[in-house]
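Quick notes on the structure that follows.
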Amino acid sequence: MKKAQAAMEFLMTYGWAILVVLIAIAALAYFGVLNPSRYLPSSCTLVPGLSCEDFKVDGTAKTVELVIQNGMGQDLNPITISIAGACVGSAPDPDGDGLLDGEKDTFVIACASDIIGSKFKEDIKIGYTAESGLSHNVTGSLTTQIE
């Protein structure tokens, strides 16, 4: 009988300890401490020669703004930027002269639908024509919080 009582006390003690740990984890999850999207690093990665200098995803205005600099050693004319997935839209060249060598332009992509959620992770598709006359389509990525 004493062995059964000792076993029951052992199970009850550890049962209460496990219950307290589960309640603590539930409270942390409820208040967002365990939300991994809070710790999402922001990054904008393009192909070598094109650099993403700055970026912003505006959920209220339904826009994605990208500041892109051309370091490819040649003019890119015409150039278009598009984003697929959650924000389907494209942005033509803002000043109409392409992206000259060393030039930095801001491209604003208006999304056709609402940007849902708190994080934004999509591919950036860039189409351009080089000085040689050949058309190219390259892909980059954008990962950030929605403002």
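No lab work stands behind these numbers, since they all come straight from the coordinates. Since the structure is predicted, the reported quantities are computational estimates derived from the model, not experimental observations. All Cβ positions, glycine included, derive from the backbone under ideal geometry; neighbour counts span all protein chains shown.
Brief remarks on what is shown
- Neighbour cut-off at most 16 other Cβ (10 Å), DSSP loop, GluC sites (Glu not before Pro), the range 1-110: 103
- Whole-Hz Karplus values for the range 44-52 come out as 9, 10, 10, 6, x, x, 10, 10, 8 Hz, taken residue by residue from phi with 6.51 cos²θ - 1.76 cosθ + 1.60 and θ = phi - 60°; glycine and proline positions read x.
- Residue 58-residue 119 pseudo-label distance in nm [points 7 Å out on the Cα-to-Cβ vector]: 2.5 nm
- The chain: translational diffusion in µm²/s, Stokes-Einstein, Kirkwood Rh over Cα pairs, 4 °C, 1.567 mPa s: 70 µm²/s
- Estimated distance in nm for a label pair at residue 34 and residue 51, the labels positioned 7 Å out from Cα along Cα-to-Cβ: 4.1 nm
- Cα-based Lys proximity count in the chain, under 20 Å, for pairs eight or more positions apart or on separate chains: 8
- The range 59-147: trypsin sites (Lys or Arg not before Pro) in DSSP loop, at most 16 other beta carbons within 10 Å: 62
- Residue with peak Gaussian network fluctuation, the chain [Cα springs, cutoff 10 Å], from 80, 106, 60: 60
- Along its three principal directions, the equivalent ellipsoid of the range 74-147 from the Cα gyration tensor extends over semi-axes of 25, 12, 11 Å, largest first.
- Its relative contact order, with pairs defined as Cα atoms under 8 Å and 6+ residues apart, puts the chain at 25 percent.
- Relative contact order of the range 76-147, defined on C-alpha pairs under 8 angstrom at six or more residues apart (%): 34 percent
- Applied to the range 68-76, the Karplus parametrisation 6.51 cos²θ - 1.76 cosθ + 1.60 on θ = phi - 60° returns per-residue 3J(HN,Hα) values of 10, 10, 8, x, 8, x, 7, 6, 10 Hz, with x for Gly and Pro.
- Gained length - residue 4 relative to residue 132, 0.36 nm times residue gap less alpha-carbon distance: 37.4 nm
- Each label point was placed 7 Å from the Cα along the Cα-to-Cβ direction; for residue 141 and residue 21 their separation is 3.4 nm.
- For the range 21-28, putting each phi into the Karplus relation 6.51 cos²θ - 1.76 cosθ + 1.60 with θ = phi - 60° gives couplings of 5, 5, 5, 5, 5, 4, 5, 5 Hz, in residue order, rounded to whole numbers and with x for Gly and Pro.
- The range 26-79: C-alpha gyration tensor shape, a/c 1.5 cut-off, then a/b vs b/c: prolate
- Fluctuation leader among 100, 76, 19 - the chain, Gaussian network, Cα springs under 10 angstrom: 19
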